[in-house]
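What follows is a short report on a single structure.
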Amino acid sequence: MAEVREQIALAKDDARLRGVTNPTVALVPTMGALHDGHLALVTRAREVGDIVVVSIFVNPLQFGEGEDLETYPRTLDADLAALDRTGPTIVFAPTAAEMYPEGRTQTKISAGHVGTLLEGRSRAGHFDGVLIVVNKLLNIVQPTSVLFGQKDGQQVFVVSRMVRDLNIPVTVEVVDTVRETDGLALSSRNTYLDERERVAARVLSAVLEAAESAAVSGIDSLIAAAQAASMGQPLVTLEYLSVVNPATFLPVDDNFHGRAQVLVAARVGTTRLIDNEFVYLGG
C-alpha cells in the first residue's frame with residue numbers, strides 16, 4: 001500500500017514539474033487477464049487523468065462457493081507487457097494477504113436490495129465483495145476518477161450508488177462495452193470457451209440485438225423477440241433476461257416508456273457470461 005502511494009506521489013511531483021498545477025489520478029480496477037476491453041478503459045483513463053493507476057487483483061470476496069476463484073485466469077506478465085505498450089502506468093498488483101491481512105473484513109458494505117437481484121440472486125454476496133474491494137482501492141489510491149466497463153452493468157450501478165451514498169470524492173467514468181466483430185462482449189472468461197462454445201456464445205449479443213429491434217413495440221414484444229433469439233442453441237442455457245430502469249435497476253412495468261437496460265446471463269457449456277444493452281421502450 002505504501003509503495004503505490006509513494007509512486008503516485010512521485011508521479012504527481014513529476015507532473016507538477018511539467019507544469020500541471022493539480023495533477024489528477026485515474027484508477028482502472030481490474031482482475032487481470034487483460035483484453036482490449038480493459039485497454040479501452042486505460043485509454044479513456046489517459047484522457048481524464050494525468051496519472052493512470054491500474055489495479056490487478058483477483059478479489060476473493062466477490063467469488064462464491066463453487067465459483068472459479070482458483071481457476072480464474074491469472075496472466076500478470078502478459079498484463080504488464082500489454083500495459084507497457086499503452087504508455088506510462090502505475091500498476092498496483094497486491095496479494096490477497098496484503099489486501100486482507102486479517103482474512104475477511106469485519107466491516108461490511110451492503111449493496112442492498114439491488115445486490116440480491118440478477119447477478120446477486122445466483123452469486124450471493126458478490127456485490128458486497130465488489131464494494132468492499134472498490135472502497136479499499138479508492139482509499140488506497142485516492143483517485144479523481146475511477147473507470148468501469150458497461151459490460152458489468154449491475155456492478156456499475158452499485159458502485160456508482162455507493163459513491164453517491166457515501167459521498168466519496170471520485171467521478172465514476174463508464175466506458176462502452178468492447179465487442180468482437182461478431183458482437184460477443186470481450187471478457188476474461190471467454191478464454192474458457194472452446195471453438196464450438198465460442199460460436200454459441202454469440203447468442204448473448206443476438207438476444208440484445210433482437211431486444212433493441214423490438215423495443216419500439218413495448219416490453220412484451222421485446223421479451224418475446226429476445227427469448228426467440230436465445231432458442232435453438234443447445235450449448236447455451238439462459239439464466240436470466242431482465243429489463244430494468246437504469247435509474248433504479250428495478251424491473252420496468254408494462255407501461256414503462258423511455259430508456260431501459262436489457263440484461264442477459266447464460267451458461268455457454270460450463271462458462272457463465274453476461275451482457276447488457278440500453279434500449280428505448282415504446283419509441
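The values are calculated or read from the model by the stated rules, or taken from the named source; none is laboratory data. Values in this document were obtained by computation on a predicted structure and should not be read as measured data. Cβ atoms come from the backbone with ideal geometry, glycine included; neighbour counts cover every protein chain shown. When the accessible area is computed, the model is the full protein with side chains, heavy atoms only, and any ligands, DNA or RNA have been set aside. Shrake-Rupley method; radii C 1.70, N 1.55, O 1.52, S 1.80 Å.
Here the range 198-237 is the region considered, the condition is being open to solvent by less than 70 Å² (accessible area, probe 1.4 Å), more than 14 Å from L281 (Cα to Cα) and not in a helix (DSSP H, G or I), and the residue that is modelled with the lowest pLDDT is Q233.
Residues satisfying the criterion are present in the range 59-77 (criterion: open to solvent by 60 Å² or more (accessible area, probe 1.4 Å) and hydrophobic (A, V, I, L, M, F, W, C)).
Of all the residues in the range 107-154, those that are open to solvent by less than 40 Å² (accessible area, probe 1.4 Å) and of a type in the set (D, E) number 1. Of all residues in the range 42-51, one or more are buried (at least 17 other Cβ atoms within 10 Å of the Cβ), under 17 Å from the mean Cα position of the chain (by Cα), modelled with pLDDT of 95 or more and not charged (D, E, K, R). Among the residues of the range 20-29, the ones that are among the polar types (S, T, N, Q) and open to solvent by less than 50 Å² (accessible area, probe 1.4 Å) come to 1 in all. If you go through the range 155-184 and keep only what is closer than 17 Å to A45 by Cβ and open to solvent by 50 Å² or more (accessible area, probe 1.4 Å), you end up with T171, V174, D176. Residues that are surrounded by fewer than 18 Cβ atoms within 10 Å (Cβ to Cβ) and assigned to a strand (DSSP E or B) do occur in the range 252-265. Looking at the range 96-106, can you tell me whether even one residue there is farther than 22 Å from R189 by Cα, of a type outside the set (S, T, Y), open to solvent by less than 30 Å² (accessible area, probe 1.4 Å) and in contact with a Leu (Cβ under 6 Å, 6 or more places away or on another chain)? There is no residue in the range 96-106 that is farther than 22 Å from R189 by Cα, of a type outside the set (S, T, Y), open to solvent by less than 30 Å² (accessible area, probe 1.4 Å) and in contact with a Leu (Cβ under 6 Å, 6 or more places away or on another chain).
When residues in the range 6-19 are screened for being more than 22 Å from K136 (Cα to Cα) and open to solvent by less than 40 Å² (accessible area, probe 1.4 Å), 1 of them pass. The lone criterion from (1) open to solvent by 30 Å² or more (accessible area, probe 1.4 Å); (2) closer than 21 Å to E119 by Cα; (3) not hydrophobic (A, V, I, L, M, F, W, C) left unmet by S187 is number (1).
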